[in-house]
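Structure, as structure tokens:
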Amino acid sequence: MKKKIKFEAGMEELEALVRSLESGQLPLEDSFKAYERAMELKKALNALLEESDKRIRVLTEAGEAELDPVDES
């Protein structure tokens, strides 16, 4: 069972992984592990963004449906 990740924490970890990969200082095997973890994080963060987008759309549509038109006469 995978642990649910918080978006902000995932972004921080992803940024740290990218920095370490860009530094060129990691041994090859550690670079592979860092890259694999970065890809896992990217996938999880994309899923969180998609889920959030859906929730916002539902809330927005529900809010718009409940509003009465403004009578400007």
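Bear in mind these aren't lab numbers, they're just calculated from the coordinates by the rules spelled out. Predicted, not measured: the structure shown is a model, and the values here were computed from it. In this analysis, Cβ positions are derived from the backbone assuming ideal geometry, glycine residues included, and neighbour counts consider all displayed protein chains.
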Under the 7 Å Cα-to-Cβ spin-label approximation, ILE56 and GLN25 lie apart by a distance in nanometres of 3.6 nm
Log entry: pair-distance distribution for segment 7-65, C-alpha pairs binned every 5 Å from zero, whole % per bin is 4, 18, 20, 16, 12, 9, 8, 5, 4, 3, 1, 0
Lys/Arg +1, Asp/Glu -1 at C-beta; segment 1-55 dipole; positive extreme among PHE32, LEU17, LEU49:
LEU49
